[in-house]
Amino acid sequence: MLHPLALPEIIEKVGSFLAWRHAPDITAIVKPSDLASCVRVNRIWHQTLTPLIWTVFRDDVAAEWGIPADSAASLTKHVRFAYLSQGSQLIPIHSTKLRHLTLGHQDRMWDALNLVCTNKQLARLEWLAPFSSTHSPDKNLVRFALSTVTSLTSLALDCWRNSFLDDVIAIAQSNPDLQSLALGSLINLKVQHITNPQLLFNLTELRLESHWGLNTGIEFLVRLCPRLSTLWFRADSTCPYSALALNLAECCPVVASLKCVEGAKDAQSRNVMCTNDGVMCLVQAPHFLIHLEIPVKHLTYDMCDALLDQHASSLKSIRFYIQSADEEDFFCVNEILSRCLNLTSFALNDSDGDDCGMDIWKQAWRAEDICSMLVIPWNCSKLKTLQLTGASPMCYLEDDYPDEGYFGFDSSDEKDEHDASDGQDHQGSISEITTQDMDVDTDSQWTFDIVMENGELKDDQKGSIMSDKYKVYDPFMDIDPTPSELAFDIVLQLLETDSKHMFLGAFSDWLECLGWSLQTDVEMCELAIKKDHKHLLIELFECVATMPVMDQIVMGGVKVVKTC
Amino acid sequence: MPVTLTSLDDVKFTVDKEVAERSILIKNMIEDVGESDSPIPLPNVSSAVLKKVIEYCEHHRNDPVQVQDETDDPRKRSNDIEEWDMKFMTVDQEMLFEIILAANYLDIKPLLDVGCKTVANIIKGKTPEEIRKVFNIVNDFTPEEEAQIKKENEWAEDR
């Protein structure tokens, strides 16, 4: 039998499964140790697999790993994906078959020029800082280098100064397959009157990160992209929203995604935030909006109406970065969740940065405000993920909290949970209790009469998920409750007793019955649920339980994921 | 419509056309020949291996057909093996190699990928000598060559 591991195509395929650490994006890091063993097996393995070790080259990693320059010099011809970010002269790259090139340091300008000119088949180029003030080569050299590449599908230029918009357009036009163009940190880009410019027919993604005020007229680029589907833009107060919206409406009939280039942290700054009028102007430009991601100070009814009147049926993902949130914001969220039937992802991120940081001291949203998003029934049955990062339901156990003991009594009583007299003392039904301070839906399918007797759980009511620490018994129930119904009863009871020790555990058990798992950044034994968030969580998850495809909910410090 | 496949040892297997066409080779042969009852000969595949290949194709009959993209970024390949595939590939080394060769010959990319991932998982963490021993590969380097290659790649060890 022919040995498959003597065939180069098989050896290469096996090697490719050894080469890469699984990475979520294009910047995969080679995992060379297994390949280093393989290239020493025999000659055909060495010949076939050596290129794989060198396919991706990152000079920061090379510096860290101490790759010797002399042995690498002849091997860099195999590099196909190069990321050069270090200033000092490191291993020179001799490849002429690069596919992706990222040039991130101004001190490597001559390497950059050389590599761009000798790799005409480049598909992706990111060139940062070619025109820095202290190391600027002749701009004509840069333009010449860029004119030699004609196969780009993705181009990102950063830190260009004192250039012309038609230079950028000329570069884009000389690469007819260009699909993605990103312009970052340009300064003083001059827009001359451009007559009959050639359209960029294949450009579907345009990213405008530059300061609008320093590059007046840059929004004209939008008019050249008739097939633009995604616009990333710098969402600050200087953005020419009206002009941008007009260009989109007149020239980009298929634009479906509007996204800001900034993340949550940037949204803290007042200058990096869409104005209300700007949002209303922009969202009315596309014919059908599918993805929206913008920073705003607040959600307002006007903004919401402008968005939903036109795009409620098409929207699939929405992410708002907001500075603060009150009741109106959450009524708007409710409106969105009830009108956007095709929504699959919704995120309301506070501008404090981390999506899931366990920062219980930050200014969190008020639970009573968040409840406003539950007033109208949700109709977004396709919703998969929900993020409310400013909602922070957890607190540490040592927070100021009355010490209630085991079942809501003072711990100094030291009642034995198996003591019959305790069972009698707890006797009562939820329906009697709920009329007082609780705001629980007594028409909910989850509401039952709970009577405790002798602290013993009847055998036929024990579910497989019942924790021994919960003793609940109802001899008067004429239907068999499911384990999730029993678990929910315990949650309600502990809500009533305002127990800090037991509620989180009971809530977690109930979620498990619904097929969800509660995950926190801190050990659960150190945590409790804040008093004012208990009702919110119950009502939120009663609602979520009806969502057929929901599989993740993220709040501040906590994530709930579907397990089954 | 059923298709009959004939193995190296003249054993006939009748399978649905949809299952058979998981093999691009067979798919092209059917397209070239047109509708016909004639068995399709597969002289490079024994009956034992063909039986396994058919089992795989039956299980994956509804999977979307993978299109080989020339610009396919190899770094985007997933190294995961599904549970069923993992059990399917729990075979002796001889059968593993025969499945790989058959998948390569029949041009069934997903099966070839699974076979190669299985081999990759065997290789992980092994020294060159251990790899040679497991797969019965002869070392054809001279001592000087071996020393040179070891020196060239010393930086990559334990990375």
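Looking at the stretch A:59-99, which of the residues that are part of a loop (DSSP other than H, G, I, E, B) and among the β-branched types (Val, Ile, Thr) is nearest to the other protein chains (Cβ to nearest Cβ)? Ranking the candidates gives A:Ile67 first.
For the stretch B:35-52, a residue qualifies if it is out of contact with any Leu (no Cβ under 9 Å at 6 or more places or on another chain) and closer than 15 Å to B:Thr4 by Cβ, and the qualifying residues are B:Glu35, B:Ser36, B:Asp37, B:Ser38, B:Lys51. Of all residues in the stretch A:104-134, those satisfying the criterion of being hydrophobic (A, V, I, L, M, F, W, C) and modelled with pLDDT under 85 are A:Met109, A:Trp110, A:Ala112, A:Leu128, A:Ala129, A:Phe131.
Listed conditions (1) modelled with pLDDT under 80; (2) under 20 Å from A:Ile93 (Cα atoms) are all met by A:Leu49, apart from (1). Being polar (S, T, N, Q) and at pLDDT 85 or above is a property that does not hold for A:Ser484. Note on the stretch A:524-538: residues that are in a helix (DSSP H, G or I) and either at pLDDT 90 or above or not acidic (Asp, Glu) (or both) amount to 9. The set of residues in the stretch A:19-44 being touching a Lys or Arg at 6+ places or on another chain (Cβ under 7 Å) and either outside any loop (DSSP other than H, G, I, E, B) or modelled with pLDDT of 85 or more (or both) consists of A:Ala19, A:Trp20, A:Pro32, A:Ser33, A:Asp34, A:Ser37, A:Arg40, A:Val41.
On the given criteria, is A:Ser185 in contact with an Asp or Glu (Cβ under 6 Å, 6 or more places away or on another chain), at positive phi and of a type outside the set (A, V, I, L, M)? So A:Ser185 passes the test.
Considering the stretch B:92-159, the qualifying helices (runs of 4 or more DSSP H), each wholly inside and each with 1 or more residues that are at pLDDT 95 or above and either of a type in the set (Val, Ile, Thr) or within 22 Å of B:Ala48 (Cβ to Cβ) (or both), run over B:93-106, B:109-123, B:128-135.
Report, by residue number, each residue of the stretch A:224-258 that is touching a residue at least 60 places away in the same chain (Cβ under 8 Å) and either surrounded by fewer than 18 Cβ atoms within 10 Å (Cβ to Cβ) or under 17 Å from A:Leu181 (Cα atoms) (or both). Residue satisfying the conditions is A:Thr230 alone. Cβ-Cβ contacts under 8 Å between residues 6 or more apart (or on different chains), taken from a first residue in the stretch A:167-178 that is assigned to a loop (DSSP other than H, G, I, E, B) to a second residue that is among the hydrophobic types (A, V, I, L, M, F, W, C) and surrounded by fewer than 20 Cβ atoms within 10 Å (Cβ to Cβ), are listed as A:Pro176/A:Phe201. Count of the stretch A:283-326 residues, restricted to those that are over 19 Å from A:Arg227 (Cα atoms), β-branched (Val, Ile, Thr) and in contact with a Leu (Cβ under 6 Å, 6 or more places away or on another chain), is 1.
Across the stretch A:33-58, the qualifying residues are those that are more than 34 Å from the chain's Cα centre (by Cα) and β-branched (Val, Ile, Thr), and the one among them that is farthest from the other protein chains (Cβ to nearest Cβ) is A:Thr48.
For the stretch A:61-84, the candidate set comprises residues that are within 31 Å of the chain's Cα centre (by Cα) and modelled with pLDDT of 80 or more; within that set, the residue that is surrounded by the fewest Cβ atoms within 10 Å (Cβ to Cβ) is A:Arg80.
The values are calculated or read from the model by the stated rules, or taken from the named source; none is laboratory data. This is a predicted model, so every value here is computed, not measured. All Cβ positions, glycine included, derive from the backbone under ideal geometry; neighbour counts span all protein chains shown.
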